[in-house]
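Before any comments, here is the structure.
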Amino acid sequence: DVKVTQSSRYLVKRTGEKVFLECVQDMDHENMFWYRQDPGLGLRLIYFSYDVKMKEKGDIPEGYSVSREKKERFSLILESASTNQTSMYLCASSPPGSNQPQHFGDGTRLSIL
Amino acid sequence: ILNVEQSPQSLHVQEGDSTNFTCSFPSSNFYALHWYRWETAKSPEALFVMTLNGDEKKKGRISATLNTKEGYSYLYIKGSQPEDSATYLCAFALSSGGGADGLTFGKGTHLIIQP
């Protein structure tokens, strides 16, 4: 079974901190994605990557950056955390192509105080 | 930003009844339509990925149909069971040369099965 592991289930940080959310997958998938889930808004794509060192902006990239130094790891970085970045963050991976199902991690619930 | 609409937003169904709900998406530049089930405290789980107009997919008591010309997909659950309680998400993939574009998700249909 595909395993997508997010480093923390719950995380509390302060405004202005630099925050790293880590995601690791064990199925050698080329594609990796970061989404955030907010009540009433559904899952929204922040960034995705289709290869090592490659990244593409999603629908809401402002205030975020990403890093993909190794194929299995995709990191989401909040450069200077703000309260409006309090959310549930989900990582996913898939084989190449948008016609491939995505496999999700359990999510990180991030609170910015 | 693409518009993917799901209806209804929530649904209460008696155990044993059958139910269905809808996903509407842009009918132009279609590439794929995904359905996911998201149970509380778990991660979203892929149910189906459909790519061809007229596609029908089935997994146990759950099935889905696809109409790309008019831009809608239906998800059907036959003989609902308590374990079917979850949020069902659909997601649209835009055709852009077959690259690794992310998905645009609807807000989901929250299904509650009442014993």
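The values are calculated or read from the model by the stated rules, or taken from the named source; none is laboratory data. Bear in mind the structure is a predicted one, so any value in this text is a computation, not a measurement. Heads up, the Cβs are rebuilt from the backbone with ideal geometry, glycines too, and the neighbour counts pull from every protein chain shown.
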| query | When the residues of the stretch A:1-25 are filtered to those that are touching a strand residue (DSSP E or B) at 6+ places or on another chain (Cβ under 8 Å) and at pLDDT below 95, which remaining residue is farthest from A:Val66 (Cα to Cα)? | reply | A:Val2
| message | So in the stretch A:4-28, with the set limited to residues that are among the charged types (D, E, K, R) and at negative phi, which one is nearest to the other protein chains (Cβ to nearest Cβ)? | response | A:Arg9
| field | Per-region count, the stretch B:10-38, residues surrounded by 12 or more Cβ atoms within 10 Å (Cβ to Cβ) and part of a loop (DSSP other than H, G, I, E, B) | value | 5
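Would you check which residues across the stretch A:68-92 are under 22 Å from B:His34 (Cβ atoms) and not small (Gly, Ala, Ser) and list them? Outline the logic, then answer.
Here is the first cut: in the stretch A:68-92, the residues under 22 Å from B:His34 (Cβ atoms) are A:74, A:76, A:87-92.
Across the stretch A:68-92, the qualifying residues are A:Phe74, A:Leu76, A:Met88, A:Tyr89, A:Leu90, A:Cys91.
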| For the stretch A:29-113, which fully contained strands (runs of 3 or more DSSP E) count at least 2 residues that are touching a residue at least 24 places away in the same chain (Cβ under 8 Å), within 11 Å of chain B (Cβ to nearest Cβ) and more than 20 Å from A:Tyr10 (Cα to Cα)? | A:31-38, A:42-49, A:87-94
| Qualifying positions in the stretch A:73-86 - surrounded by 13 or more Cβ atoms within 10 Å (Cβ to Cβ) and out of contact with any Ser or Thr (no Cβ under 9 Å at 6 or more places or on another chain) | A:Gln85
| said: Considering only residues that are of a type in the set (Gly, Ala, Ser) and within 11 Å of the chain's Cα centre (by Cα), which ones fall in the stretch B:1-35? | reply: B:Ser7, B:Ser24
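Tell me the residue from B:Asp84, B:Asp55 that is surrounded by fewer than 22 Cβ atoms within 10 Å (Cβ to Cβ), touching a strand residue (DSSP E or B) at 6+ places or on another chain (Cβ under 6 Å) and within 14 Å of chain A (Cβ to nearest Cβ), please.
Values: B:Asp84 fails: within 14 Å of chain A (Cβ to nearest Cβ).
On inspection, the qualifying residue turns out to be B:Asp55.
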| remark: Scanning the stretch B:14-43 for residues that are at the interface with chain A (Cβ under 9 Å from one of its Cβ atoms) and modelled with pLDDT of 95 or more gives B:His34, B:Tyr36, B:Trp38
